[in-house]
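First the structure, in the form of structure tokens, and then the observations on it.
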């Protein structure tokens with residue numbers, strides 16, 4: 001735990017001692033096998049500093065400008081219930097880094113969406129300064145029949161040195177409640193972004209996540225969904241566009257604890273340069289979770305010789321009456337499709353851009369919020385070499 | 001327009017074309033017929049620049065250029081068009097994007113100004129009407145979920161928009177019902193012009209009844225064994241290819 005050593009020795013929480021003792025997870029720990037932990041280890045991290053900002057923001061490990069709206073109450077960690085405390089402890093116990101997250105957590109905010117209320121929260125994750133590490137926790141309760149839209153965006157300002165932003169989101173979706181969560185990660189080139197999302201869903205509740213990674217040097221997202229009562233459902237869509245020497249990692253675990261629960265996952269990784277993307281999608285269907293349904297589709301597109309992907313879908317099914325499907329593909333651009341486009345006079349670079357866009361666009365189209373969808377799309381087009389042609393076409397051909 | 005001399009090509013070390021000679025002048029329609037596996041599709045693929053095929057001998061001169069040295073997109077810019085036997089489905093790319101990008105890429109290389117959106121749409125609507133295709137085809141992904149006949153009509157639609165100098169139509173009649181065959185055939189006839197040539201690759205005579213070729217060639221085992229006028233196609237329909245092989 002060399003990089004976080006000073007911070008951990010200053011922490012008074014008991015998990016700090018455990019974290020120091022355990023150290024960062026080694027390559028032998030399956031879930032950390034591919035994660036390049038060099039920067040995490042070698043940077044002499046200091047506590048993140050807070051700066052002025054507008055709007056609800058996570059900034060230097062602290063929440064600022066708390067959202068105020070009808071149907072939403074905010075309070076601090078002292079209001080957490082025993083179940084929430086137990087779940088946070090459980091998350092912390094996973095390995096050395098999660099213990100460190102727990103020990104170094106500086107702010108814990110509780111947001112409660114009242115019964116039947118409808119709330120939208122926009123959270124900006126601001127860039128920490130060089131060598132600064134911020135750790136925070138957001139606990140969310142979505143009341144009965146309530147609807148929450150949480151949009152998480154990242155500030156993209158240049159940083160010349162590593163900076164670390166870690167956020168744990170613990171959410172409870174009550175009966176008939178719905179939480180939609182959009183995570184649009186465009187952090188700076190040196191950012192190390194860690195996000196832990198743990199959601200428990202009650203009867204007829206729904207959690208929908210779009211997780212989109214473009215930025216950061218390293219982004220690690222852990223998603224744990226528990227479908228805890230009948231008709232609980234979740235839909236998770238992910239897109240990672242990985243370039244240069246970036247590393248994007250999503251670890252997803254969905255647990256069907258009872259029968260008549262549904263999960264659907266669609267992920268696309270597009271990797272260029274020396275980038276590397278890891279996707280681990282584990283679905284567990286417990287013995288008594290009969291009539292559950294799950295589907296998972298993972299597509300990986302490799303655009304250069306040095307690009308790497310590590311996809312791993314895992315299905316663990318103990319019930320005998322379930323509908324389960326999964327598919328995983330890894331490949332480069334389809335030569336037949338390229339030839340078809342080129343034979344129509346479209347240049348090699350434009351043809352490649354077309355096909356890359358097509359690969360990712362499917363995920364972008366699924367974003368319901370029009371404003372964010374356009375932001376994501378323009379970022380996608382900006383990332384493509386020769387994306388201008390498609391931008392022009394989209395603007396010009398509205399029939 | 002096009003001069004193919006002693007063309008040899010192979011795929012995966014297997015020789016397919018074994019010395020093709022063919023001259024096509026401006027304004028002519030040539031049909032290449034032949035049994036399965038004779039090399040018909042290989043010929044059109046080699047001409048369009050598909051890279052799985054290796055040319056081992058011979059040359060192809062197209063409008064005073066060495067065609068085989070050009071990349072597929074350069075061939076399109078030079079006025080070559082291939083209608084695919086199996087048009088490729090491209091999920092995620094709208095047909096209208098492909099059409100507009102292709103039209104303007106080709107125009108740019110012919111020194112023509114870019115077509116603005118409104119002019120492009122006017123043009124594409126005209127062509128859709130000819131091919132009896134609804135406007136919804138513009139917004140569907142390229143060939144995705146199209147029926148066999150719709151795919152072939154989409155190919156001819158592209159040909160009409162790109163206005164090639166030399167069109168290679170590879171088994172454009174396969175998979176078409178009688179009505180679609182007539183629409184496609186008439187779509188091709190509309191393109192007949194003194195400065196445009198067509199090479200039709202086909203298995204059957206039925207398309208040739210609508211698009212009357214000036215010359216018919218019989219390709220067997222990688223070589224053109226017999227050439228003639230339209231009556232040769234009629235003879236083949238009656239007698240099959242066996243008689244030719246013996247001769």
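Pull out a ≥ b ≥ c, the square roots of the eigenvalues of the alpha-carbon gyration tensor of chain B, then state rounded if a/c is under 1.5, prolate if not and a/b is larger than b/c, and oblate in the remaining case. Could the numbers behind the result be given before it?
Values: a/c = 1.77, a/b = 1.40, b/c = 1.26.
Cα axes put chain B in the prolate bin.
Would you mind getting the Kirkwood hydrodynamic radius of the range A:92-202 from its Cα pairs, rounded to one decimal in Å?
14.9
For the range A:335-399, take the alpha-carbon Rg, divide it by the Kirkwood Rh, and send me Rg/Rh.
Details: Rg = 12.4 Å, Rh = 12.5 Å.
The Rg/Rh ratio comes out at 1.00.
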**Report entry** Enclosed volume per residue, in Å³, of the convex hull spanned by Cα atoms of the range B:78-146
**Finding:** 104
Query - Rough spin-label spacing in nm, given labels placed 7 Å along Cα→Cβ, for residue B:144 and residue B:54 - result: 3.6
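Calculate the FRET efficiency for residue B:61 and residue A:336 from the Cβ-Cβ distance with a Förster distance of 25 Å, rounded to the nearest 0.05.
With a Förster radius of 25 Å, E is 0.35.
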Query raised in the report: In nanometres, what is the gap between the two model label sites at residue A:391 and residue B:71, each 7 Å from Cα along Cα-to-Cβ?
Result: 2.2
Requested in this report: Take every DSSP beta bridge with both residues inside the protein assembly as shown and express the antiparallel ones as a percent of the total, to the nearest 5.
Outcome: 20
Query raised in the report: Once both labels are modelled 7 Å past Cα along the beta-carbon direction, what's the residue B:118-residue B:223 spacing in nm?
Result: 6.0
Query raised in the report: Given a cut-off of under 8 Å on Cα pairs at least six residues apart, what relative contact order in percent is computed for chain A?
Result: 9
Query raised in the report: When Cβ neighbours within 10 Å are restricted to other protein chains, what is their mean count per residue of peptide B:85-94?
Result: 6
Query raised in the report: Dividing the alpha-carbon radius of gyration of the protein assembly as shown by 2.2 N^0.38 Å (N being the number of residues), what value is obtained?
Result: 1.19
Requested in this report: Go ahead and run the numbers for FRET between residue A:81 and residue A:378, Cβ-Cβ distance against an R0 of 56 Å, rounding to 0.05.
Outcome: 0.85
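Using only helices, what value at 222 nm comes out for chain A when you add -39,500 (n - 2.57) per DSSP H run of length 4 or more and divide by the total residues, to the nearest 500 deg cm²/dmol? Don't jump to the answer; show the numbers that get you there.
On the way: 9 runs with 89 residues, N = 399.
Value at 222 nm, helices only, nearest 500: -6500 deg cm²/dmol.
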Report task. Enter the mean projected area of the convex hull around the alpha-carbon atoms of the range B:45-125, in nm², rounded to one decimal. Result -> 6.9
Report summary line: Once residue A:314 and residue A:349 are pulled to full extension, the length gained, defined as 0.36 nm per residue separation minus their Cα-Cα distance, is 9.0 nm
Query raised in the report: Using 0.36 nm per residue, how much length does the chain from residue A:116 to residue A:274 gain when fully extended, once their Cα-Cα distance is taken away?
Result: 52.1 nm
Report task. Using a 10 angstrom cutoff on alpha carbons, build the Gaussian network for chain B and name the most mobile of B:139, B:217, B:203. Result -> B:139
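Expressed in nm², what is the orientationally averaged projection area of the convex hull enclosing the Cα positions of the range A:5-334?
The Cα convex hull of the range A:5-334, projected and averaged over all directions, gives 16.2 nm².
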Query raised in the report: Which FRET efficiency value, to the nearest 0.05, is calculated for residue A:323 and residue B:3 with the Förster distance at 56 angstrom and r the Cβ-Cβ distance?
Result: 0.40
Query - Hypothetical label at residue B:212: residues of the range B:168-203 whose amide nitrogen lies under 15 Å (7 Å Cα-Cβ projection) - result: B:186, B:189-190, B:192-193
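Readers should treat all values here as calculations from the given coordinates under stated rules, not as data from a laboratory. Note that the coordinates shown come from a computational prediction; the quantities given were computed from them, not determined experimentally. Every residue, glycine as well, gets a Cβ built from its backbone with ideal geometry; the counts of neighbours run over all protein chains shown.
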